[in-house]
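Shown next, in structure tokens, is the structure this report addresses.
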């Protein structure tokens, strides 16, 4: 024999409860179920799935196909200015970690930088890089979501990245 369902079990809608959390509100007053409780019943909590993330801004430096050719002495001077620019960003606490790639499958990929700012600011700082301005480097910018607390930057001043919770949708 099948157990009768409550009359409001089929009519639920998602609502914001003022705390920033979403909960399920049934059509029956007094029968509100939080999303956490709902999923705890529907699906057991998996300890391997993080419930919060630290978000970092990554910049991948790459060699564009149309990079201008330069004499070695100009390349050396440009590289020195590029490294000085990156060192200054690091000194200011804007750049948390960076370095070149070696032994990669794509020879156009040149390096990676982790910024302690949002994507718009990271783009502005990357546009100011002498090697980008000279056309020898281009960059791809992205946000990287990492399980909260899994990365640490001990030499960085203050908190790096934003802590966010995955949206339910």
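Read-outs: derived from the displayed coordinates by stated rules, not from any lab. Model, not experiment: these values are computed from the prediction.
Remark on segment 49-114: Rg and Dmax equal 15.1, 52 Å (Cα only). Compactness of segment 53-164 is given as radius of gyration and Dmax, 14.6, 47 Å, from Cα positions.
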